[in-house]
Amino acid sequence: MDLYQILKKHQVLPGETKVIDIGCVQLRATRKNEGWYLVTADNCPEDDISLGLESTLNDYFQTGKSNSLIIAPSLPAKPLVFKGTGLNVLPEQKITVFLKIPLSFQIYFSKIQPENLLKEISYKRLSDTWFGESENGEPAFALGDEYYLELNDIEIAGFEAICPVTIQNNSSNILNVQRLIIRDENVTLYKNENLIVTSLVHVDYRGNGDAGTVGYRYSKQYNGEKQEILAKPRNTSGKSLLNLNFHFIKNIYRNE
């Protein structure tokens, strides 16, 4: 099914069932008088991707009389760790690379608001990893080491978002990017023509002993002139990112 046939408001009358294929996940939504019976199943049982329990469940939700079901895109629920094998930035140089991130999908009834979220499913399973030291790190998903230097070189396979990452090396040493964490709870998803592109992740590295800065920002160049938002960040508290940035920088460049 086409992505934009999925990302819309679906009307299902009581007693009816609608089948929606989201990659290798099949969603069967049956409308009851005052609730929804949702069945998700692995639609590609012979492939080598384990979707996990969150994508293969049967659930009933008592919601009231709304006949509307909305599916919205989101990023994975845990931070993403990119392994930058062979990626080096010389002093006073800047590089922008592009990563591919598999989308998740959130299912709401009536309207998109936190209290109306029924469940979240992933069409592609990511491997678990750990970021930071053993005693004070955090769980995350492994994004792998694939990156692109040109936006036009990216071929989208399945339901994926493109994440632009700009790294500015303001130190006096060569920066070898080993492990970079993307805190996707601070990332917005934008529609730019036929692509889904995340906020620009901007890293300003200043060398050993200096935290530098990390920002998640709108970019006309990558997100489009219209600023068409598909999904807002999971973190809507407005909490300062200062502590997160310091932890981020300390753990990316452990050999510095």
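Readers should treat all values here as calculations from the given coordinates under stated rules, not as data from a laboratory. All figures in this text were calculated on a predicted structure; none of them were measured in a lab. Virtual Cβ from ideal backbone geometry, glycine too; neighbours counted across all protein chains shown.
So for C24, C44, fewest C-beta neighbours within 10 Å to most, what's the order?
On the way: C24 19, C44 13.
Sorted ascending by nearby Cβ count, the order is C44, C24.
Please report the orientation-averaged projected area of region 98-159, defined via the convex hull of its C-alpha atoms, in nm².
Values: hull surface 27.1 nm².
The number I arrive at for region 98-159 is 6.8 nm².
Cut-off 15 Å, label point 7 angstrom out along Cα-to-Cβ of K9: give me the residues of region 101-122 whose amide nitrogen falls inside.
108-113
What nm distance separates the two modelled labels at Y218 and K32, each placed 7 Å from Cα along Cα→Cβ?
About 4.2 nm separates the two model spin labels.
T17: net charge of surrounding residues, Cβ under 15 Å, Lys/Arg +1, Asp/Glu -1, itself excluded?
Numbers: positive: K18, R28, R31, K32; negative: E16, D21, D59.
Combined, the nearby Lys, Arg, Asp and Glu give +1.
Give the lysines whose C-alpha is closer than 24 Å to that of K18, dropping any in the same chain fewer than 8 places away, or say none.
Cross-link targets: K8, K9, K32, K65, K111, K119, K124.
Amide H to amide H under 5 Å from T188: which residues, 5+ apart in sequence or cross-chain, H placed 1.01 Å off N in plane?
Those qualifying (amide H under 5 Å, at least 5 residues apart or on another chain) are S199.
Find the centroid of the Cα atoms in region 171-230 and in region 70-100, then give the distance between the two in whole Å.
8
Suppose we keep just the alpha-carbon trace of region 92-200; what are its Rg and Dmax in angstrom?
Taking only Cα atoms of region 92-200, I get Rg and Dmax of 16.4, 54 Å.
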